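Readers should treat all values here as calculations from the given coordinates under stated rules, not as data from a laboratory. Everything numeric in this text was worked out from a predicted model, so none of it was measured. Here the Cβ positions follow ideal geometry from the backbone for every residue, glycine too, while neighbour counts run over all protein chains shown.
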Amino acid sequence: MSPATATRNSKKRSSTRTTSRASAPAARMSPAASALMKKLVNRTATIGVVGLGYVGLPLIRAIRDGGFPVIGYDIDQRKIDDLEAGRAYIQHLGPRFFKDLSKDRKFRPTANPRLLEEADAILLCVPTPLGKHREPDLSFVLNSTRMVSEVLREGQLIVLESTTYPGTTRDEMLPILEHSPRGRQLEHGNDYFLAFSPEREDPGSIGRTAAVIPKLVGGLDPVATDLAMALYSRVVKTAHRVTSAEVAESAKLLENIFRAVNIALVNEMKTVLAEMNIDVWEVIAAASTKPFGFMPFYPGPGLGGHCIPLDPFYLSWKAREVGRTTRFIELAGEVNSAMPHYVIERVQHALNDDGKSLSGSKVLVMGIAYKKNIDDSRESPAAEIIELLRDRGAVVSYHDPHLPHFPSMRKHRIDLKSKPLNAGTLRSQDCVLIVTDHDAVDYDLVGSASKLVVDTRNAMERVPPKRVKARLVKA
Ligand SMILES: NC(=O)c1ccc[n+]([C@@H]2O[C@H](COP(=O)([O-])OP(=O)(O)OC[C@H]3O[C@@H](n4cnc5c(N)ncnc54)[C@H](O)[C@@H]3O)[C@@H](O)[C@H]2O)c1
């Protein structure tokens with residue numbers, strides 16, 4: 001988009017936003033909006049969920065628990081087959097989740113987009129990765145919006161849930177709908193409605209289900225916000241209304257940038273304190289006793305997952321379009337992406353202290369998922385760490401109770417299978433490197449059977465020191 005278009009769009013937006021702030025929440029509704037509102041209030045509206053991945057599936061559970069029938073659409077036929085057969089494809093959701101969904105008569109999984117014509121609300125939960133040059137890759141959002149434009153009809157609410165830069169819903173999605181053959185017969189705000197409500201999934205955390213995590217809701221106009229609020233307030237405990245889609249889009253980015261920057265801060269602190277022989281984990285625990293003005297963040301081997309390493313750069317890119325720079329984001333990116341190298345340096349020094357070189361040493365990487373207790377390896381720093389170790393001549397294997405095979409990743413192809421964890425395996429290693437601290441691992445065994453443990457997560461803290469025979473190094 002040219003800067004001139006961006007300025008035009010932002011002028012258009014600010015006038016819309018003023019209106020939306022002035023007139024929330026009891027907006028005047030068209031007959032189509034009133035009819036949809038009625039269906040949402042009495043829970044007879046059919047909800048379509050597009051993208052049946054880490055975000056889409058937990059959301060479906062919340063919507064079904066809220067009493068609405070659901071159509072789940074994905075372009076990946078294997079996911080539809082698995083859902084129909086009750087086969088789990090996201091481990092941390094558990095086999096029961098998939099069994100229950102397969103038996104649920106009010107949930108229809110499909111790879112046929114035409115079925116979405118029946119949906120009164122369509123929620124898009126598709127990926128928002130980065131391109132080769134760290135630019136936002138909106139292709140999944142744009143493709144699924146094109147698909148929606150082919151089933152668009154009077155009385156539909158469309159909500160984007162994917163994380164993205166401010167303006168995506170209004171400046172990228174709305175024009176696709178407006179200029180489609182069906183959209184040309186309809187008017188946004190009168191016949192159909194568009195909103196943004198970011199997902200805040202916390203994979204693997206027990207009890208923090210989609211239904212209990214508060215949800216932000218911002219429409220392109222007050223009617224769209226009212227309709228989206230009517231839906232979400234029936235499926236999540238707290239739906240928080242904001243004055244525009246752009247506020248909701250920006251708030252989601254702020255949440256993730258806040259994490260990226262604070263993790264970078266403790267990662268930097270870790271490297272400095274290590275030189276002074278001060279344990280950063282003890283320092284963080286000590287600072288956390290302050291009951292105000294402090295919130296703990298923890299260091300690690302580098303950022304992972306679909307969100308924190310990627311989303312901040314959506315704002316950096318957008319900021320350049322309006323002539324601004326995002327120095328915090330760039331600096332945090334720099335510090336966090338140096339962490340795999342820092343870990344390798346610590347492993348190298350630790351081996352050196354044992355009179356060994358990294359080249360030729362056997363290193364077992366413990367945990368390749370990007371966070372504990374899940375089977376998601378997207379953007380996991382483990383892949384880069386393994387490649388750096390191999391580049392330096394180490395003989396690398398891994399153990400991860402949640403990932404029996406090393407999955408193929410966006411930037412990495414690593415042909416390894418998880419090694420069973422037993423005393424023999426541990427004894428045969430020159431170094432055991434903990435990258436992800438899954439709870440299912442027997443850390444007592446790791447501490448008693450290994451020679452050297454390099455721990456990037458403070459995982460060994462749970463083993464009483466007298467039971468640890470290995471030399472421990474934090475990284
Ligand atoms: N995973 C998380 O913890 C998390 C948390 C908060 C927000 N988010 C955001 O939510 C969005 C989705 O992430 P995710 O982790 O669920 O991704 P995912 O890869 O697990 O799932 C996305 C699904 O969308 C499907 N898909 C892709 N294009 C499609 C299309 N045109 N039509 C229909 N289906 C299509 C894919 O086949 C896949 O099943 C992203 O924007 C992400 O940043 C993710």
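Fully extending the segment from Asp353 to Ala35, taken as 0.36 nm per residue of separation minus the present Cα-Cα distance, adds 107.2 nm. Compute the acute angle (0 to 90°) between the alpha-carbon long axis of helix 339-353 and the principal axis of greatest extent of the alpha-carbon atoms of the chain; round to the nearest 10°. On a 0 to 90 degree scale, this one is about 10.
Counted residue by residue at 0.36 nm each, then reduced by the alpha carbon distance between them, the extension gain from Ile206 to Glu187 reaches 2.5 nm. Largest first, the extents of the alpha carbon coordinates of segment 253-330 on the three principal axes equal 43, 28, 23 Å. Can you tell me what share of the DSSP beta bridges in the chain is antiparallel? A percent to the nearest 5 is fine. Close to 10 percent.
For Gly48, the residues 5 or more places off, or on other chains, whose built amide H falls under 5 Å of its own are Ile71, Asp120, Ala121, Ile122, Leu123.
Here segment 280-299 and segment 73-129 have alpha carbon centers that stand 40 Å from each other.
Label reach from Lys411 (point 7 Å along Cα→C-beta): in segment 249-289, amide nitrogens under 18 Å belong to 260-261, 264.
Taking every DSSP beta bridge that has both residues in segment 338-474, what percent is antiparallel when rounded to the nearest 5? Among the beta bridges of segment 338-474, antiparallel pairing accounts for roughly 5 percent. Helix 327-337 and the long axis of the chain differ in direction by around 40°, with both axes built from C-alpha atoms. In this structure the amide hydrogen of Leu452, modeled in the peptide plane, comes within under 5 Å of the amide hydrogens of Val432, Arg471, none closer than 5 places in sequence on its chain.
In terms of the Cα gyration tensor, with a ≥ b ≥ c the square roots of its eigenvalues, is segment 338-474 rounded because a/c is under 1.5, prolate because a/b exceeds b/c, or oblate? Oblate is the answer for segment 338-474, as a/c is 1.5 or above yet b/c matches or exceeds a/b. With the convex hull of its Cα atoms as the shape, the chain has an orientation-averaged projected area of 23.8 nm². If a spin label sat at a point 7 angstrom from the Cα of Ile75 along the line to its beta carbon, the backbone N atoms of segment 137-179 nearer than 14 Å would be those of 137-149.
Using only Cα atoms, tell me the angle between helix 312-321 and the longest principal axis of the chain; keep it within 0 to 90° and round to the nearest 10. Approximately 60 degrees, to the nearest 10. Distances between placed amide hydrogens fall under 5 Å for Leu216 paired with His240, all partners being 5 or more residues away or on another chain. Distance between the pseudo-spin-label points of Ser428 and Ala85 (7 Å out from Cα toward the beta carbon): 3.3 nm. In units of the compact-protein estimate 2.2 N^0.38 Å, segment 263-394 shows a Cα radius of gyration of 1.21.
The value given for segment 3-250 is a Kirkwood hydrodynamic radius of 18.1 Å, derived from the mean inverse Cα-Cα separation.
Residue pairs exceeding 20 angstrom between C-alpha atoms, taken from Lys451/Lys474; Lys99/Lys237; Lys79/Lys99; Lys215/Lys252; Lys79/Lys106: Lys99/Lys237. Averaging 1/r over each pair of different alpha-carbon atoms in segment 124-221 and inverting the result gives 14.5 Å, the Kirkwood hydrodynamic radius. Calculated [222 nm] ellipticity per residue, helices only, for the chain: -12500 deg cm²/dmol; basis is -39500 (n - 2.57) per DSSP H run with n ≥ 4, divided by all residues, nearest 500. A Förster radius of 25 Å, combined with the Cβ-Cβ distance separating Arg96 from Ala440, puts the computed FRET efficiency at roughly 0.90.
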